[in-house]
Amino acid sequence: MRSAFSSALWRSICGTLWAGPLCTLLLCPGPLWAAAAPAPEQAPITLQLNKLAPFAEGTGCVAYFVVSNPGAQVISDLDLDLVLFNTEGIIARRMSVQFGPLPAEKTEVRLFDLAGTPCNSIGHILLNDVLSCEVGTAAEAGDPRAACLARIAVSSLAKAKLTR
């Protein structure tokens, strides 16, 4: 809301140029001190553990992830630190998994072999950290890894859950 002084000032300036109230609306529809609109929040990166399927031969498991980048910028690099827990809640394995590059406004499926780890032994998978993350071509201010971690939303359709 404009102060009485600023409204009166604009009316007197505009009164000499054009019709007062119309000029005020055209030249200064809002207060001069209004802050710029905040930047819109970036769309969440969704990471879903879709299924765990045993290897056709030997012992091991294939983890199927559905990852979505609904944003307008390419995620050129996304390397995640995942920790697998067994069904008793004990850490079974830790691994670095490369999910990037992710095209803008696209959903993709990523498969990862978990050789030597039977599917029925996986209780849950923890997204422990973001090891590297690059969004677009410009460097983000602050810590881009923390910014990416804050944007990742996880879910699971598999028997094992995926957590952050």
Amide H neighbours of Leu114 under 5 Å, at least 5 residues apart or on other chains, H built in the peptide plane: list them.
Cys61, Val62, Ala63
Lys and Arg at +1, Asp and Glu at -1: add these up for the other residues within a Cβ distance under 14 Å of His124 and post the number.
+4
Difference of contour (0.36 nm per residue) and Cα-Cα distance, Ala56 to Leu111:
18.4 nm
Per-residue Cβ neighbour rank within 10 angstrom, fewest leading, Lys159, Lys51:
Lys159, Lys51
Relative to the present Cα-Cα distance, how much length would full extension add between Ser96 and Ser132 at 0.36 nm per residue of separation?
11.9 nm
Please list, or write none, the lysines whose alpha carbon is within less than 17 Å of the alpha carbon of Lys51, excluding same-chain residues fewer than 8 places away.
Lys159, Lys161
Theoretical gain in end-to-end length, Ala104 to Asp143 [0.36 nm per residue, Cα-Cα removed]:
11.9 nm
Taking a point 7 angstrom from the Cα of Tyr64 along the C-beta vector, which residues in region 89-119 have backbone N less than 20 Å away?
98-100, 106-119
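Read the figures in this text as sums done on the coordinates, not as results from a lab. These numbers come from a predicted model, not from an experiment. In this analysis, Cβ positions are derived from the backbone assuming ideal geometry, glycine residues included, and neighbour counts consider all displayed protein chains.
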